[in-house]
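Coordinate-derived values only; no laboratory data. Computed from a prediction, not measured in an experiment: that's the story for all the values here. Neighbour counts run over all protein chains shown; Cβ positions are idealised from the backbone, glycine included.
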């Protein structure tokens, strides 16, 4: 089939406009010249699956080497070239090429998510044509993604401000919401890997759920301080009041969502706020629904929320070990939690153990359980930075750098108060070290939030990993152990004096 006949099927209007110019060239020559000058990359296949046309932009946008001849290759040969050219760039490359193969075979439309490659965001489309022919197009949509990223940064800022409003009234929760977001993200990714809930979970769902989960307890802004901050157990009336935070959070986010065009995360946050205390077998609150009647995002956050609450250190409770929390969650599979989500959660824990760069050991202790918990969390952050780099997971890296920024503010304040109470003679020098590290983290966070190039974000990940490694080695394992020895010596002197 002649390529001009194929082209007429799709672009008669463009051809008519060219004819109006009155050129003496043949129509096919005119149209081919036009297609070679357009910014969109194009490739056309005949009904036997052979390439009959491609323009220079197609080869350049896909970063296919110029020496690679694309003339008269088959569709399958093209897929092999694309896999070699973009391996490690597309998320789930094999899945994408498999879908493209299916689209070509079944003559159906192929519209995957945009992807990032060599500094550009690209949109690819596969389109069936008449008589069994097939067209592939690729478009540079970087400017569109730059605008979207700016809007997303504003959305993240709004979410964090709202979350901090809810958390600020209870200083003991620290970075609970960000740790819940990290676990929520990990569980959701693992569910997709295991093939669960694939009719619901896609890249958009994964992108929204981590951000939306941060607002799961926003309804607590309506809970009275006398109940929210009560040190002892709640009586039945007080428990009824605090349980209302789930429904109140849903209503608050519903009103906010009515006013904002939010890319979907507020609607998801509303469902999470209203359902993360429901139980898989029923008997939860506020409605007592069960099973799949509970939104998937609510079921995921429910488990992530309970896990972090169990393993977190609080002034009024000791942290459970990971094994103790793991055992409880396994026992509650099918009752409190969705069994599929429990399976994904257990797989996440196993994976973390296998990929951790650094493991907490007792000789890292500074003798205070709250500060030790902070240091263990820093090691977890370092391990998660490493994982985000290995997996090219920008969402995880974004969560980690936000948590690290909060860490520098919260942990340093707690540590400085502790040292001041103990009369540590080198406090001023210790505070200056904190200030230097805070400036570095603040600068790195600003660079990340204003950077849309994923390659540059990858470099920032490497910088952050080096910063955290040095921080652990030079500050925690050296500087912090100095005040630990001072406090121990001070305590020993007091014992001798008695």
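Tabulated data
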read-out: Computed FRET value (nearest 0.05) for residue 50 with residue 130, which takes r as the C-beta separation and R₀ as 22 Å; value: 0.85
read-out: Distance (nanometres) between label positions extended 7 Å along Cα→Cβ at residue 293 and residue 76; value: 5.1
read-out: Additional length obtainable on full extension of the chain from residue 324 to residue 254, 0.36 nm per residue less Cα span; value: 21.5 nm
read-out: Net length gained if the chain between residue 436 and residue 391 were fully extended (0.36 nm per residue, minus Cα distance); value: 13.2 nm
read-out: Three-way shape label, segment 356-498, alpha-carbon gyration tensor, a/c 1.5; value: prolate
read-out: FRET efficiency for residue 69 and residue 107, using Cβ-Cβ distance with R0 set to 30 Å, rounded to 0.05; value: 0.65
read-out: Two-site FRET efficiency, residue 98 against residue 36, from Cβ-Cβ distance with R₀ of 35 Å, rounded to 0.05; value: 0.70
read-out: Set of segment 352-369 residues, backbone N closer than 14 Å to the point 7 Å along the Cα-Cβ line of residue 488; value: 362-368
read-out: Cα→Cβ-extended label distance, 7 Å offset, between residue 353 and residue 222, nm; value: 4.2
